[in-house]
1. Do we find that residue 12 is closer than 18 Å to residue 178 by Cα and either loosely packed, with under 15 Cβ neighbours inside 10 Å or of a type in the set (A, V, I, L, M) (or both) in this structure?
2. Filter the stretch 72-116 for residues that are at pLDDT 95 or above, of a type in the set (S, T, N, Q) and surrounded by 18 or more Cβ atoms within 10 Å (Cβ to Cβ) and give the result.
3. Look through the stretch 121-162, keep the residues that are in contact with an Asp or Glu (Cβ under 8 Å, 6 or more places away or on another chain) and aliphatic (A, V, I, L, M), and return whichever of them is farthest from residue 9 (Cα to Cα).
4. Taking the stretch 118-173 on its own, how many of its residues are over 15 Å from the mean Cα position of the chain (by Cα) and assigned to a helix (DSSP H, G or I)?
Amino acid sequence: MENNRKFIIFGLGNAEDKYTGTRHNIGFEVVNAVAKKLGVTFRSDRHAYIAEGRYKGRTLILALPTTYMNLSGKAVRYWMEHENVPSENILVICDDIDLPAGALRMRAKGSGGTHNGLGHIIETLGHTNFPRLRFGVGHDFAQGYQIEFVLGRFEGEEMKNTIQPAIDTAVEMVLSFTTAGLQQTMNQFNTKKSDKKKDEGNPSDKPDNHAQ
C-alpha cells in the first residue's frame, strides 16, 4: 500500500568530489541543505546516499544518486519501488540553464528539456508525470561551452548574493511541497521573473547536451 505521507526528495548531480559545488550539482546542494535543516545525515546505500527525517508528521527520504547524472533514473526507480512511494510524492531537484541564476520553478510534470538527468528519469519511469524543482543557474556561456559552464562553479559574489538565498528558498519549497502540497507551493513560490517560454515547454525539443 502506497504511503501518502512519505516523500522522496531527489537532488540530481554527480557524486564524485571533483563535481562538488558545480552548477550541475545544485540539486545536491539543495538536498544537503534540507538534510541540515532536518538535522539528519546521509549513509551510502544502493544507487544513492540516503538520509531520512521527519517534518510535521511526514517522512522525508533524501536521496543523492551515485549513478552519475545521465543514469539518474536507476536511483529514482529503485527508491520509489523500495519505499513504495508514488510518483506524485517524489520531487526531483536539478539545475536549469534556461532559467536565470537563482530563479526557481516547481512543476507537476513536463519534458526533460535539455537536462539529461531528467531525460533518463523520464525514459526509465516511462512517463513525465513527476514533480520537479528547476533551479536556474544562468546561461552566461559562449556557444559550444555549455559543458564547461555547468561543470564550473559560481563566483563568490554570485554565490553569496544570488545562489545561497535561492538555496534557502528552495529548502522552504521542498518542505512546503511535503505539507501544503504541490499546487499551493507553486502558487506561493514560483519565481515570477523566470523565463515563461521555458515553462511553456519551448526548449523541450532541444538536443540533450548536458554533461554527465
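The values are calculated or read from the model by the stated rules, or taken from the named source; none is laboratory data. Predicted model, so just to flag it, every value in this text is computed and none were measured. Neighbour counts run over all protein chains shown; Cβ positions are idealised from the backbone, glycine included.
1. The answer is no for residue 12.
2. 72, 89
3. At the first step, the residues of the stretch 121-162 found to be in contact with an Asp or Glu (Cβ under 8 Å, 6 or more places away or on another chain) are 129-131, 134-137, 139, 141, 149-150.
Of the ones still in play, those that are also aliphatic (A, V, I, L, M) are 137, 150.
Values: 137: 20, 150: 22 Å.
Restricting to residues being in contact with an Asp or Glu (Cβ under 8 Å, 6 or more places away or on another chain) and aliphatic (A, V, I, L, M), the top hit is 150.
4. Matching residues across the stretch 118-173 total 16.
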